[in-house]
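The values are calculated or read from the model by the stated rules, or taken from the named source; none is laboratory data. Remember, predicted model here, so these are calculated numbers, not experimental data. For neighbour counting, all protein chains shown are included, and Cβ atoms are generated from backbone atoms with ideal geometry for every residue, glycine included.
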Amino acid sequence: MKIILKHILRNLKEHKMRAFLIFFSLLVSTSVFVISLTISDDLTIKVEDTLRSVYGNAEVQVATVDPFKLDDLKMNKDKYSYLGMSSLDGVDAKEKPISILGMDIEKAVDFKLLGNDAKKLALNEIYINKNLEDKGYKKGQVIKLKYEDKEYNLTIKGVIENKGIASIRPDDDTFFASIETVNSIKNIEDGNYDTIYFDLKNNNKIGEFVDYIKDHNDNYMVAKTVDMESIKEATSMISTIMYLILLMATIMIYFVISSLNKIILAERIPVIGTFRSVGASRTKMNLILVLENALYGIFAGLFGAIIGTYLDSYCSSVFITADGIDVAKSSVSLSVGTILIGILFATLLQIIIVVKEIIRTNKKPIKDLIFNTQNSRYKMRKKRTVIGFILLISSIILFVLIKNIDMLTIGVLLICFIVGVANTLPLIFQLISKCLAYIFKKIGWSTGIITSKNIGYNKMIISSSRLVVIAISLLSSIILMSKATADCFTGFREVTKNVDLMISNPHKSSEEYDYLNDIDGVKEVQFLNSYFADDITYTKGKNKNKKFNLPPGFYAEKERKNVYIEEIDYKISDLKDDEILFDEKYAFKNNIKKGDKITMHFGTLKKSYTYTVKGFVNASNFNVSRNMVVVSYNHLINDLNGIPMQLHIVLDKGYDPDEMKDVVHDAMKEVGIYVQTTEEYISEQEGQVAGIIAIVYLVIGISVTLAFIGILNNQVIGFINRRKEIAILNSTCMNKTQIKKMLALETILSNFISLFIATIVSFITTIFVNNFMMNIGLYLNIKYDFMTVFKFELIVYILLLLTLFVPFRKLKKMNIVDEIKYE
Amino acid sequence: MSIIKIDKLVKNFGKGENEVKVLKGLNFEIEKGEFVSLMGASGSGKSTLLYLIGGLDKPTSGTVYINDKDINTLKEKEMAKLRRKDIGFVFQFYNLVQNLTVEENIMLPVVMDGKKEKDYKDRLDKILSIIGLSDKRKNLPNELSGGQQQRVSIARAMILSPNIILADEPIGNLDSKSGKEVMDLFKKINKEEGITILQVTHSEESAKYGNRIIRLKDGEII
């Protein structure tokens, strides 16, 4: 056994490049696998921890605009503890908006909504947190608060830690006071709150409690502080994206390793023969080769699990964007379990990839092995080609025929399609080779005739071409997918190119913002009206109270200024109050057709409306998820939400948006609003997906490197395996220049054909990928951008042609006599 | 008692019109302890016959008996066992595993037989001394001359004390001096170890090292 292990380890050492390539391929796959496995749980725990760090023991939040008392609420429980809060928004001496949050400080500490350093406050005393201290506020400082035309002096009693709700960093300066202070300023009785937090002590009944309050009380906003269902729903989507990346990376790695393995085995055939001649049975030999491959899996799995665990923490931080809150640290740590799973995955993957070829090689008679009587001619297996053709056609037909296709089916069909392509490629190459041979025969070019035959019948060329087709088509799809992600905001940027300022989080109706038109430099104020809620169900035909996969956002426009929503077959301005337009992709996903009558139930609003679907729109400029519906303006304003989602301001020429941003903000004197230039707004939105795009590009980068090294390695080893054939050609009929021409023509033609086929294949794989993304609710609008694919393939083609230098150099050094004397 | 018995052995290559009859119903026997040389022109079928005897290839018809056992009836595992225990092979191009040292190459059949290497330490020392390469035991094959490599391959064939060594043109790739050394070695192990040797050779000189010559012409014994 020691000798066998030595032999195996020396094999790995002697072929460092190949060993590294296989190791690295498996490492990438294992890392992505570990991330896919853990990211969903990690994100869930991270989001939960982050929210718990803010809300402490508070499990349910009930809020209204007008103050209310605990007794006003109809509840189904009497065992709970609660904390009431009352807040007010005013301005300081410099007219700067400030907020005061009033509460029973000691109780808030018990609720862990504030840190232990917070103590009871007297009337008109306030706390600041560390953030405000950093802004320049000091202990003992007196803040002048203006509230409803009266002035109050509030003294900063101390600085408290950034813990609980004091860890939130809102845009406006927020101070913490006793509830008595706030209520006295607001001039309301004690026992009145605008928010009450509940600690139910029994997590299982939270949902029941929330539902009861919603059902038995009007006009309250009731929510779980930590809604695990919503968190899990959101994190599972990210996990699914990682699984898609894993699937594609694994398919590519399969072909890289499989191609390498074939070459390694071909090179080792005489050694296998020797082992067999000294008494190794087929089973023993199979085991030795499997053990060698398992070693790759063990090491790659070990390191892949370690890298995956650490990358997971990076990936999950990329996906969580919590404005103003310190995100909890990653919960995932390297464990023996993760390492074992990583090793098992990598080892099984490697063995699955190579075992068939190992068994096939060992089935050959010992005499053929020991004298390596294999020739370099590719022998097409009819059965394999037929199966490939069936897989290829049936995967496309099934994809077209199956309505409401699910993710798993798409994944399986994608694999079938790729396997189908891989198995039919030799036939395609042989047909092309025959056509080329015919053409070269006609023009009488002997080098061309030999080359064209090699293209269709040489094992190494077929193997390399297969790798090029699969790797490049999958990479093209990944590139188009990442481009679509990066382009998410292009449409929005285009639509808002005339808008200079964007104001988020307004609190008043459109009419109340008329005064903005009077500001010097403001040319026009536009309103973006929409309504988003997560408690919308719908009834359509027999579907009673069905939940949308992703709840729709409602959009309406008073007049058509900017094309946020593209009309397709019906004018938005023609919509009546009981008519609705669906985003085309969203409608397709939810199986909604024109003419359908849909009753929507709005949980928070406690209202139901029945709409007739009049047609479809394209909401890709507005929302990447495309979960948008358009209703009439009157209906949205009067029945759903009278407050605009955003205000868009167009400035007069010559006014600088950066300067006007402050002017408009100061003029608004409204707490909680956020004024940004359009550029800032879009950059912020883009920044939120920058991390995701970075991960995708990282995967592309690694995949391109892997595929390229794999192909380069194939070219080099291909030449080594063909040395005898080349030596015979050189000794009998061709000089070295002719052989160079033959090799060059082979590389030029075979890679050109491969990339041409890859273009067609990538067109179909992109459709598969697009549908997969749609299935998980990401309508990325992946378009087959031929120019992008062409540019990518051109770079790959040039790189592939550069690999010719290796065989050229080896040909120059080759001693013909050495090569042919063993023939 | 014959250790090898060949009965009506036929081997054809190709099919239909392209069928070539390489061995045409051979019959002969080799006694235990014999050193037989198989001679004939290129294409006479001598190497094919050797591979059939060693179970590396299967006959079209006829039987090969080793120690009265019909080797064509053996299962793959039994055949592997036979190759490990009863037969040692020596090839023209040595077929050593290039990344294993001299002693590791020699011990390969022991490992394949699932035996403990330490149990064969003395045997290894003895064989290394017989082939005269005790000082080269840690060397890799590419650090040895052709003759030395062939001696390693003979040692590998001997390690499990087989009854038979089948050698396919063992000195075909060697200079005359190395060739003589290898043939002397064969003679020595045939005499001292009592191993039956069947060698395929073109050389009349090396054929004379044996005590019997079987000549083949167009697939028949002449």
Check your understanding: Somewhere in the stretch B:59-79, is a residue surrounded by 20 or more Cβ atoms within 10 Å (Cβ to Cβ), over 29 Å from B:Glu205 (Cα atoms) and at pLDDT below 90?
Key -> yes
**Study point:** Qualifying positions in the stretch B:201-222 - under 19 Å from B:Ser2 (Cα atoms) and under 17 Å from the mean Cα position of the chain (by Cα)
**Key:** B:Gly210, B:Asn211, B:Arg212, B:Ile213, B:Ile214
Review point. In the stretch B:45-64, which residues are more than 10 Å from chain A (Cβ to nearest Cβ), within 18 Å of the chain's Cα centre (by Cα) and over 21 Å from B:Ser2 (Cα atoms)?
Key: B:Gly45
Review point. On the given criteria, is A:Leu5 part of a helix (DSSP H, G or I), within 14 Å of another protein chain (Cβ to nearest Cβ) and surrounded by fewer than 22 Cβ atoms within 10 Å (Cβ to Cβ)?
Key: yes
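Condition check ((1) of a type outside the set (A, V, I, L, M, F, W, C); (2) buried (at least 18 other Cβ atoms within 10 Å of the Cβ); (3) under 20 Å from A:Phe275 (Cα atoms)) across all residues:
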residue: B:Asn95; (1), (2), (3): yes, yes, yes
residue: B:Leu100; (1), (2), (3): no, yes, yes
residue: B:Met107; (1), (2), (3): no, yes, yes
residue: B:Val111; (1), (2), (3): no, yes, yes
residue: B:Lys115; (1), (2), (3): yes, no, yes
residue: B:Tyr120; (1), (2), (3): yes, yes, yes
residue: B:Arg123; (1), (2), (3): yes, no, no
residue: B:Ile131; (1), (2), (3): no, yes, no
residue: B:Leu140; (1), (2), (3): no, no, yes
Review point. Does A:Ile325 fit the bill of being more than 14 Å from every other protein chain (Cβ to nearest Cβ) and either in a loop (DSSP other than H, G, I, E, B) or modelled with pLDDT of 90 or more (or both)?
Key: yes
Practice item. Look through A:Phe548, A:Phe622 and report the one residue that is in contact (Cβ under 8 Å) with a residue 40 or more places away in the chain, over 30 Å from A:His665 (Cα atoms) and surrounded by 14 or more Cβ atoms within 10 Å (Cβ to Cβ). Key: A:Phe548
Check your understanding: What about A:Tyr564, is it closer than 24 Å to A:Gly642 by Cα and under 33 Å from the mean Cα position of the chain (by Cα)?
Key -> yes
Review point. Given the structure, is A:Ile396 modelled with pLDDT of 85 or more, of a type outside the set (D, E, K, R) and over 30 Å from A:Asn775 (Cα atoms)?
Key: no
Review point. Can you list the strands (runs of 3 or more DSSP E) found entirely within the stretch A:543-637 that contain at least 1 residues being more than 28 Å from A:His648 (Cβ to Cβ) and β-branched (Val, Ile, Thr)?
Key: A:597-602, A:607-618
Review point. Among B:Leu100, B:Leu108, which is the only one that is within 11 Å of chain A (Cβ to nearest Cβ), within 26 Å of A:Lys13 (Cβ to Cβ) and either among the hydroxyl-bearing types (Ser, Thr, Tyr) or touching a Pro at 6+ places or on another chain (Cβ under 9 Å) (or both)?
Key: B:Leu100
**Study point:** Members of the stretch A:99-127 that are touching a residue at least 60 places away in the same chain (Cβ under 8 Å), assigned to a loop (DSSP other than H, G, I, E, B) and either outside the structural domain of A:Met85 (by TED's automatic domain parsing) or under 41 Å from the mean Cα position of the chain (by Cα) (or both)
**Key:** A:Phe111, A:Leu113, A:Leu114
Practice item. Examine the stretch A:757-767 for a residue that is small (Gly, Ala, Ser), crowded, with 17+ Cβ neighbours inside 10 Å and either modelled with pLDDT under 80 or in contact with a strand residue (DSSP E or B) (Cβ under 9 Å, 6 or more places away or on another chain) (or both), and state whether such a residue exists. Key: no
**Study point:** helices (runs of 4 or more DSSP H) (entirely within the stretch A:334-403) containing at least 3 residues that are of a type in the set (S, T, N, Q)
**Key:** A:336-362, A:382-401
Practice item. Quickly run through the stretch A:276-307 and pick out the residues that are small (Gly, Ala, Ser) and either in contact with a Cys (Cβ under 9 Å, 6 or more places away or on another chain) or away from chain B (no Cβ under 12 Å) (or both). Key: A:Ala294, A:Gly297, A:Ala300, A:Gly301, A:Gly304, A:Ala305
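Yes/no matrix, rows are residues, columns are (1) among the aromatic types (Phe, Trp, Tyr); (2) crowded, with 19+ Cβ neighbours inside 10 Å; (3) assigned to a loop (DSSP other than H, G, I, E, B):
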{"site": "A:Gly140", "(1), (2), (3)": "no, no, yes"}
{"site": "A:Lys146", "(1), (2), (3)": "no, no, no"}
{"site": "A:Asn153", "(1), (2), (3)": "no, no, no"}
{"site": "A:Lys157", "(1), (2), (3)": "no, yes, no"}
{"site": "A:Ala166", "(1), (2), (3)": "no, yes, no"}
{"site": "A:Phe176", "(1), (2), (3)": "yes, yes, no"}
{"site": "A:Asn183", "(1), (2), (3)": "no, yes, no"}
{"site": "A:Ile188", "(1), (2), (3)": "no, no, yes"}
{"site": "A:Gly191", "(1), (2), (3)": "no, no, yes"}
Exercise for review: Take the residues in the stretch A:211-226 that are buried (at least 18 other Cβ atoms within 10 Å of the Cβ) and out of contact with any helix residue (DSSP H, G or I) (no Cβ under 9 Å at 6 or more places or on another chain), then tell me which one is nearest to A:Leu200 (Cα to Cα).
Suggested key: A:Ile213
**Study point:** Considering residues of the stretch A:342-367 that are free of Cβ contacts under 8 Å to residues at least 40 places away in the same chain and more than 14 Å from every other protein chain (Cβ to nearest Cβ) only, the residue surrounded by the most Cβ atoms within 10 Å (Cβ to Cβ)
**Key:** A:Ile352
Point to revise | Within the stretch A:625-634, considering residues that are at pLDDT 90 or above and polar (S, T, N, Q), the one surrounded by the fewest Cβ atoms within 10 Å (Cβ to Cβ) | key: A:Asn634
Review point. Give me the pairs: first residue in the stretch A:427-456 and within 18 Å of A:Leu743 (Cα to Cα), second residue among the acidic types (Asp, Glu) and part of a helix (DSSP H, G or I), beta-carbon distance under 7 Å, and six or more apart or on different chains, which are they?
Key: A:Thr451/A:Glu746; A:Asn454/A:Glu746; A:Ile455/A:Glu746
**Study point:** Single match in A:Ile253, A:Ile245 (criterion: modelled with pLDDT under 80, of a type in the set (Val, Ile, Thr) and assigned to a helix (DSSP H, G or I))
**Key:** A:Ile245
Revision key, fill the gap. Output for Cβ contacts, cut-off 8 Å, separation at least six or different chains, first residue more than 21 Å from A:Ile241 (Cβ to Cβ) in the stretch A:758-773, second small (Gly, Ala, Ser), reads A:Ala758/A:Ser473; A:Ala758/A:Ser476; A:Thr759/A:Ser473; A:Thr759/A:Ser476; A:Val761/A:Ser473
Exercise for review: Looking only at the stretch A:598-616, decide whether some residue is more than 32 Å from the chain's Cα centre (by Cα) and on the phi > 0 side of the Ramachandran plot.
Suggested key: yes
Exercise for review: Look at the stretch A:561-605 and say how many of its residues are surrounded by 14 or more Cβ atoms within 10 Å (Cβ to Cβ) and of a type in the set (Lys, Arg).
Suggested key: 4
Revision key, fill the gap. Just one listed residue, out of A:Thr50, A:Thr30, A:Thr44, is under 30 Å from A:Ile307 (Cα atoms), of a type outside the set (Asp, Glu) and touching a Lys or Arg at 6+ places or on another chain (Cβ under 7 Å), and it is A:Thr44
Review point. Has the stretch B:65-72 got at least one residue that is among the basic types (Lys, Arg) and within 13 Å of another protein chain (Cβ to nearest Cβ)?
Key: no
